[in-house]
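The values are calculated or read from the model by the stated rules, or taken from the named source; none is laboratory data. For clarity, every value in this text was computed on a predicted model and none was experimentally measured. Every residue, glycine among them, receives a Cβ derived from its backbone with ideal geometry; neighbour counts consider all protein chains shown. When the accessible area is computed, the model is the full protein with side chains, heavy atoms only, and any ligands, DNA or RNA have been set aside. Shrake-Rupley method; radii C 1.70, N 1.55, O 1.52, S 1.80 Å.
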Amino acid sequence: MGLNIPGLVGLSVFYAITLATGIWASLRSKRDKKNRSTSEMVMVGDRNMNFLVGLFTATATWVGGAYINGTAEIVYLPTRGLLWVQAPVGFALSLVIGGLFFVKPMRSRNYVTMMDPLQETYGNMIASLLFIPSLIGDIFWFAAILASLGATMQVILGIKSYLSIIISASAVILYTLLGGLYSVAYTDVVQLLFLMLSLWICIPFALIHSATESISYTATHDFYQAPWIGKIEKEYLGRWLDDFLYLVLGSIPFQTYFQRILSAASPRQASFISYLSGLGCLLMAIPSVLIGAVAASTDWNQTSYGLPSPLERGESAMILPFVLHYLCPPYISIGGLGAIAAAVMSSADSALLSVGSLFAHNIYRKILRKKATDKDVLWTMRASMLVFGTAAAGLAFYSHSIYDLWFLSGELVYALLFPQLCCVLFIPHTNTYGSAAGILLGFLLRLLAGEPSLKIPPVIHYPGCCLVDGVYVQLFPFKTFTMLLTLGIIVSVSYLSAFLFKRNLLSRRWDVCNIMKENSVHIPLRQLEKRKDLQGTALPENHD
């Protein structure tokens, strides 16, 4: 395939607009900051983000390249179908649950990152351990979506994937370094608008293509392949439920989410942003669902793609760019490529800012150099974003293993971080011993369950574990089971350790975590807020 010059020009214009928007936003933030904290401006927009901008950037964070490509792929696969498309509803419910339960205690305490309450309650060592899955998750996420964009550009533009990875990563790193959350938020507005318009423009052309059968008919009838509506076999119900709960609850403990929430002007505004962005995520999945349905209803032999089909060639992950390229006019497919680039960049900059904020604020400022000035923190954040962004771009060249590692790191966040966050916000008297036991148990249980994509055999065979094509598959909802066990062990070990020390059954000399010091009893934030409402007193600064 030759180089697509018009497409390259069009995409260059889009990149130029995005970069110009990021630079403009960075200049605007510097003009508005006056005497405010520079690092807080970069990390949480000085908690004065415009409501509409906040809504757009919160929605764009979840509507990334993996989201729109993955949704189309699942609908297209004959062994899956629409009923297995869990991300849109899962992310929407995640944002609603976050708005109902997590936003108020986090925003009312003016935290800067998601790790602050964990570090405040359980100490620096626990915070350092919990930073690792967040770091790995963000880097692998960045790498995975860059790899997806590179493969897409190779299909539509005919350029080498490594070139698009380098160019996209450079643009994202540059405008994120310049303006922090302000640049990320305002470029998200441009990217989300472009994504909505360009994908919807592509839909009619794909639907009326001569090689495509009516998607309303193929939804329930075998035609070129099994109906795209899909079905859930009884034996897979546990796995379906496990993946769904993983998306709903496991999507909450990410700094990319709390960065948007903590930048809102008030807890009430933050809650509304969370609710409405959930609705936005749901609506943004519709074009991808339609594209997946079109792909499942197409006779690929009537297109220039030919036979065998994408499924038979093992290229189902590229089904969205294939539909844009082979079923739409060239000038329309270029717009679709811009939509994919917009989705990728809107998620990539969020991941980059997230990991930079966590490292600079929670590791550098609070552990490595407690007397660091605000300027030191800002430069450390910029340096870490440059290092982590470069590392992610390098990993993007190994796309097959990166997708697997990203998914696995997300499971670790679900098993380790979610129960820790629930305990520190809502469950009284949890302490460092319980937190450490939860980390150890959660990690071991997830490792012992095995991982087929990484060729790790299971040591624990949960009910329903079976051998499929020589690979053990866990059909039991073990991810959620692991999360619940982790939650239980944090609470039980915390209460047990406190009981043993209080009753002098264990010498207090062995209390290396110093949980028995005066005023060490942890009170959940919701209880503190109720006390404030009843007594009219200010919240304590530290409730370690």
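Applying a DSSP loop filter and a limit of 15 other Cβ atoms within 10 Å to the trypsin sites (Lys or Arg not before Pro) in the range 310-382 leaves R313, R369, K370, K371.
In this simple spin-label approximation, F101 and L506 carry label points 7 Å from Cα along the Cα→Cβ vector, and these lie 2.8 nm apart. Please work out whether the range 378-466 counts as rounded, prolate or oblate from its C-alpha gyration tensor, where a ≥ b ≥ c are the square roots of the eigenvalues and a/c under 1.5 means rounded, while otherwise a/b larger than b/c means prolate and anything else oblate? Oblate is the answer for the range 378-466, as a/c is 1.5 or above yet b/c matches or exceeds a/b. Within the range 210-241, the GluC sites (Glu not before Pro) that combine a DSSP coil assignment with at most 10 other C-beta atoms in a 10 angstrom radius are E233.
For the range 121-129, backbone phi angles converted through the Karplus equation (6.51, -1.76, 1.60; θ = phi - 60°) give residue-by-residue couplings of 8, 9, x, 5, 5, 5, 4, 5, 5 Hz, Gly and Pro being listed as x. Taken per residue, the accessible surface of the chain reaches 41 Å², heavy atoms only and a 1.4 Å probe.
Computed extension gain for L83 through S266, at 0.36 nm per residue and net of the alpha carbon distance, reaches 62.1 nm. The angle between the Cα long axis of helix 65-76 and the main principal axis of the chain comes to about 60°, on a 0 to 90 degree scale.
All Cα-Cα distances of the range 427-518, cut into 10 Å bins from zero to the largest, leave 16, 36, 21, 17, 9, 1 percent in each bin in turn. D374 exposes around 50 Å² of accessible area when a 1.4 Å probe is run over every protein chain in place.
When you filter the chymotrypsin sites (Phe, Trp or Tyr not before Pro) in the range 362-470 for DSSP loop state and at most 10 other Cβ atoms inside 10 Å of their Cβ, nothing is left. Taking the inverse of the mean 1/r over every pair of distinct Cα atoms in the range 435-475 gives a Kirkwood hydrodynamic radius of 10.9 Å. Measuring nothing but protein heavy atoms, the accessible surface of the chain at 1.4 Å probe radius is 66 percent carbon and sulfur. Short-range pairs are left out: with C-alpha atoms under 8 Å and at least six residues apart, the relative contact order of the chain is 26 percent. Sequentially through the range 169-185, phi angles give Karplus couplings (6.51, -1.76, 1.60; θ = phi - 60°) of 4, 4, 5, 4, 4, 5, 6, 6, 4, 6, x, x, 5, 4, 5, 4, 5 Hz, Gly and Pro residues having no value and appearing as x.
Taking the centroid of alpha carbons for each part, the range 402-480 and the range 339-395 are 26 Å apart.
With the largest listed first and rounded to whole Å, the semi-axes of the equivalent ellipsoid of the range 34-106 from the Cα gyration tensor are 34, 15, 9. 3J(HN,Hα) along the range 226-237, derived from phi through the Karplus expression 6.51 cos²θ - 1.76 cosθ + 1.60 where θ = phi - 60°, amounts to 5, x, 6, 5, x, 7, 10, 5, 4, 5, 9, 5 Hz, with x in place of Gly and Pro. Give the angle, between 0 and 90 degrees and rounded to the nearest 10, that separates the Cα long axis of helix 51-62 from the longest principal axis of the Cα atoms of the chain. Tilt of helix 51-62: around 70 degrees.
At full extension, V468 and L454 could sit 3.5 nm farther apart than now, given 0.36 nm per residue minus the alpha carbon distance. Amide H to amide H distances under 5 Å link S297 with no residue, where only residues 5 or more positions off or on other chains count and H is placed in the peptide plane. Mean residue ellipticity at 222 nm, helices only, the chain: -21500 deg cm²/dmol; runs of at least 4 DSSP H residues each add -39,500 (n - 2.57), and the sum is divided by the number of residues. If I fit a long axis through the Cα atoms of helix 374-395 and take the longest principal axis of the Cα atoms of the chain, what angle between them do I get, 0 to 90°, rounded to 10? Approximately 40 degrees, to the nearest 10. Heavy-atom accessible surface of M125, to the nearest 10 Å², is about 140 Å², with a 1.4 Å probe and all protein chains retained. Under the shape rule built on the C-alpha gyration tensor, where the axes satisfy a ≥ b ≥ c, the range 330-391 is prolate, since a/c reaches at least 1.5 and a/b is greater than b/c. Kirkwood's formula applied to the C-alpha pairs of the chain gives a hydrodynamic radius of 24.3 angstrom.
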